[in-house]
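*Asks:* The structure that follows is given in the form of structure tokens.
Every read-out reported here was derived from the displayed coordinates using simple, explicitly stated rules and does not represent laboratory data. As the structure is a prediction and not an experimental result, all values here were calculated from the model. In this analysis, Cβ positions are derived from the backbone assuming ideal geometry, glycine residues included, and neighbour counts consider all displayed protein chains.
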Amino acid sequence: MMRLAMYPHQEAQSRCSFEALVAEHCADDAALVALARIVRGADFRDQIDSTPESAGLRAISHGFPPVARDDHETVEKASFLYDALYAFLSEQKGGRR
């Protein structure tokens, strides 16, 4: 039996899976909504210019595999990057971290 992903890489509304998750569970977090737009731009080549940060995030993300031993280390390193970007966006949006 084939099961469809609840959050496919790109869904019917053209959102990436992270953007769909944020919209469904954290839509009131302005910094997280902004981060989701950046991620969408980084995920989809045709949307790379949707935010100023998307191209940088795409480049950095593509550089993770050569500098990490395995997927676990990639997640650890990427987590720091995303946490820092979220903190920056949160500060911009007037939120607290």
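*Asks:* If the chain between ASP49 and GLU73 were fully stretched, how many nm would it gain, using 0.36 nm times the residue separation less the Cα-Cα distance?
*Replies:* Details: separation 24, 0.36 × 24 = 8.64 nm, distance 2.88 nm.
Result for the pair: 5.8 nm of gain on full extension.
*Asks:* Here's something else I'd like to know. Choose one of ILE48, SER90, PHE80: the residue whose Cα lies farthest towards the positive end of the charge dipole of the range 34-97 (beta-carbon charges +1 Lys, Arg; -1 Asp, Glu; about the Cα centre).
*Replies:* Final value for the positive-end residue is SER90.
*Asks:* How far apart, in nanometres, would the label points at ILE60 and LYS93 be if each is projected 7 angstrom from Cα along the Cα-to-Cβ direction?
*Replies:* About 1.7 nm separates the two model spin labels.
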